[in-house]
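Undergrad: There's a structure below that I have some questions on.
Derivation of every value follows stated rules applied to the coordinates shown; laboratory data play no part. None of the values given here were measured: they were computed from a predicted structure. Cβ sites come from the backbone with ideal geometry, for glycine too, and all protein chains shown count toward neighbours.
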Amino acid sequence: MATSRRFTAGDLTLSEMITVYIEGKPVDVNVNDSAAAAALRAGIGYTRTSPVSGEKRAPYCMMGVCFECLMVIDGVASRQACMIKVQPGMRIKRQLGARELS
Amino acid sequence: MNQTTDTVVIGGGVVGSAIAYGLAKRGARVTVLDEGDDAFRASRVNFGLVWLHSKGAGMPAYGFWTRRACDAWPAFAAELKEITGVDTHYVKSGGLSYCLGEAEYNKKIETIQRMRAQAERDPYETRMLDRGELMQLMPRAQLGAEVLGASYGPHDGHVSPLNLLRALHSGLKYHGADYRSGSPALDVKPVGGGFEVRTPQATLSTPKVILAAGHGITPLMRQLGFNVRIHAQRGQQLVTERAAPVLPLPANGVRQTAEGTFLIGTTTEDVGFDVSTTTRAGTAMAARAMRILPALNGVRVVRAWAGLRTLTEDKCPVYEESTQYLGAFLATCHSGVTLAAVHATDLADAIHNSRLDGDIAAFHGRRFNLV
């Protein structure tokens, strides 16, 4: 997928790196990344499926407007991953379809 | 630019569009004049109920008219889907009005008994459901402990008002109507037995003109001999993120759309032409919705909006032809979504034949002048 190549560019050695878990796999990301940026960096392709059409979707606007980047973050469903900064050990998973009511 | 047409419908919301759709389907050459995105467009902020339940308690004709609309909706939705491909998401699910606590429950029982006693024929068939029956009807909804039951209207349902408007606009095109956005009627003048309608782009000559522009009717009606007071009442709504379906039946304060969004309403406020939202109203609406469905507590609100209802003095529709200028019609109501199915059929027939008689005669605005 084109997104993975586009978003792995840049010199990572200059910033502090932390480890997060994306779809269960440990990934080193920049401490200043958003969860959406981290998911793109990890190259997982899509980050959610639409509850309406089932289509695969990925972060688009990266500024909190389009809601394409909804992910399950530390067990909380349908969070806007682009608006959340990574934390060490954060667990980031795809939001598949509509969230359940808890 | 001067143009001529058979019929000009002023207003391209659900009321004007449904009437225009029916007229175009009956073969009339119809032009629809609509405002742009800055209009006070009740159609786009609607809650999406197709609702009878207990409507028209003070005006039996309105109850029966609404029942007719509910009966006509399935075929209407199917027709729109077939010719436009747009799914309005209409479901005749039945509708609820929840009772929280004993006082509300007992009061609702009384209301329903009174409704039954007053009506010679009962168009509503609304009845009480207790908590157990509600849980059977909606097994995936974990109702709050205060929910003792609800009144249940078997003819009620819900629909996406946005899809409905899109389907109507698309249907207008299908039937050859000329829909013009950004083209408000600035002025309507009776001229030699017909009318001249001026827009920023053109002047249209027509033998028939229909005012169906919600609040936009007010500045145009006097010169056509109408005198109907249309009051703006604000209603606010909260819109949540999408979630898995748990609420198959809509209620007047909370419904889950076909796509999983919860709509939470509403307020009735007299604040003039002000469509701002308030935290106070949002908090109150959310609090009541969470007493009905506590799991909403964890669901994020993504939008809040407000719209202006178009209410007549008795909140019932007004349909009339000008006695002074034959060929000029006025149509206004609060329930443009529910009534769309009869606006596109019975009312369009009546306007097409220039005979607002039979059941429709009861909705003449002269009722406000009888003391």
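Undergrad: Roughly how many debye, to the nearest 20, is the charge dipole of chain A about its Cα centre, given +1 on each Lys and Arg Cβ, -1 on each Asp and Glu Cβ, and no other charges? Can you show the working numbers first?
TA: Details: 13 positive and 9 negative charges, 53 e Å.
Around 260 debye, computed over chain A.
Undergrad: Determine the sum of side-chain charges near A:Ser102: Lys and Arg each +1, Asp and Glu each -1, restricted to other residues whose C-beta is under 15 angstrom from that of A:Ser102.
TA: +2
Undergrad: Quote the relative contact order of chain B in percent (integer), defining contacts as alpha-carbon pairs under 8 Å separated by 6+ residues. Mind dumping the intermediate values first?
TA: Working: 815 pairs, mean separation 94.1, N = 371.
About 25 percent, as a whole number.
Undergrad: Can you tell me the alpha carbon radius of gyration of the protein assembly as shown divided by the globular rule-of-thumb value 2.2 N^0.38 Å?
TA: Compactness ratio reported: 1.13.
Undergrad: Could you work out the mean count of beta carbons from other protein chains within 10 Å of each residue's beta carbon in B:250-259?
TA: Numbers: counts 0, 0, 0, 0, 0, 0, 1, 0, 1, 5.
Other-chain Cβ atoms within 10 Å of each residue's Cβ, averaged: 1.
Undergrad: Got a sec? Charge dipole of the protein assembly as shown, +1 on Cβ for Lys and Arg, -1 for Asp and Glu; which of B:Val9, B:Leu162, A:Ala38 is way out at the positive end?
TA: Towards the positive end, the residue furthest out is A:Ala38.
Undergrad: What is the magnitude of the charge dipole of the protein assembly as shown about its Cα centre, with +1 placed on the Cβ of each Lys and Arg, -1 on the Cβ of each Asp and Glu, and no other charges, expressed in debye to the nearest 20? Spell out each step's value before the answer.
TA: Numbers: 52 positive and 44 negative charges, 117 e Å.
Here the size comes out at about 560 debye.
Undergrad: Quick one: Debye curve from the alpha-carbon atoms of segment B:239-371 only, equal weights, vacuum; give me log10 I(q)/I(0) at q = 0.10, 0.13, 0.22 Å⁻¹ to two decimals.
TA: Scattering profile of segment B:239-371, log10 relative to I(0): -0.50, -0.74, -1.25.
Undergrad: Follow-up question, since we're still on this one. Could you state the number of Å between the C-alpha centres of segment B:1-70 and segment A:61-88?
TA: 41
Undergrad: What are the residues whose amide H is under 5 Å from the amide H of A:Arg94, where those residues sit 5 or more places off or on another chain and H is modelled from the backbone?
TA: A:Glu23, A:Val72
Undergrad: At 222 nm, what value in deg cm²/dmol follows for chain B if DSSP H runs of at least 4 each add -39500 (n - 2.57) and the sum is divided by all its residues, to the nearest 500?
TA: Values: 8 runs with 99 residues, N = 371.
Taking each H run of at least 4 residues, the total per residue is -8500 deg cm²/dmol.
Undergrad: If you add up the charges near A:Thr47, with Lys and Arg at +1 and Asp and Glu at -1, over every other residue whose beta carbon is less than 13 angstrom from its beta carbon, what do you get? Can you show the working numbers first?
TA: Details: positive: A:Arg41, A:Arg48, A:Lys56, A:Arg57, A:Arg79, A:Lys93, A:Arg94; negative: A:Glu23, A:Glu55, A:Glu68.
Overall, the nearby charge balance is +4.
Undergrad: Let me ask something else about it. Nothing charged except the Cβ atoms of Lys and Arg (+1) and of Asp and Glu (-1): what's the magnitude of the dipole of segment B:56-180 about its Cα centre? Round to the nearest 20 debye.
TA: Dipole magnitude for segment B:56-180 comes out near 240 debye.
Undergrad: Which of A:Cys61, B:Tyr152, B:Ala243 sits farthest toward the positive end of the charge dipole of the protein assembly as shown, with +1 on the Cβ of Lys and Arg and -1 on the Cβ of Asp and Glu?
TA: A:Cys61
Undergrad: Okay, moving on. Count the net charge of all other residues whose Cβ sits under 14 Å from the Cβ of B:Thr31, scoring Lys and Arg as +1 and Asp and Glu as -1. Mind showing how you got there, number by number?
TA: Details: positive: B:Arg29, B:Lys173, B:Arg180, B:Arg198, B:Lys208; negative: B:Asp6, B:Asp34, B:Asp178, B:Glu196.
Around B:Thr31, the surrounding residues sum to +1.
Undergrad: Which whole-number percent gives the relative contact order of chain A, counting Cα pairs below 8 Å spaced six or more residues apart? Intermediate values should be presented prior to the final figure.
TA: Values: 209 pairs, mean separation 30.7, N = 102.
In percent, rounded to a whole number, it is 30.
Undergrad: Taking the Cα centroid of segment B:115-187 and of segment B:205-272, what is the distance between the two, rounded to the nearest whole Å?
TA: 13
Undergrad: Where both partners of a DSSP beta bridge lie in the protein assembly as shown, what percent of those bridges are antiparallel, to the nearest 5? List each step's numbers first, then the result.
TA: Numbers: 59 of 82 bridges.
Beta bridges within the protein assembly as shown, antiparallel portion: roughly 70 percent.
Undergrad: Please find, in a Gaussian network model of chain B (springs between Cα atoms separated by less than 10 Å), the residue of B:Ala328, B:Ala20, B:Ala141 whose mean-square fluctuation is greatest.
TA: So, out of B:Ala328, B:Ala20, B:Ala141, the one fluctuating most is B:Ala141.
Undergrad: Taking chain B as a Gaussian network, where each spring joins two C-alpha atoms under 10 Å apart, which residue of B:Gly149, B:Gly101, B:Gly358 fluctuates the most?
TA: B:Gly358
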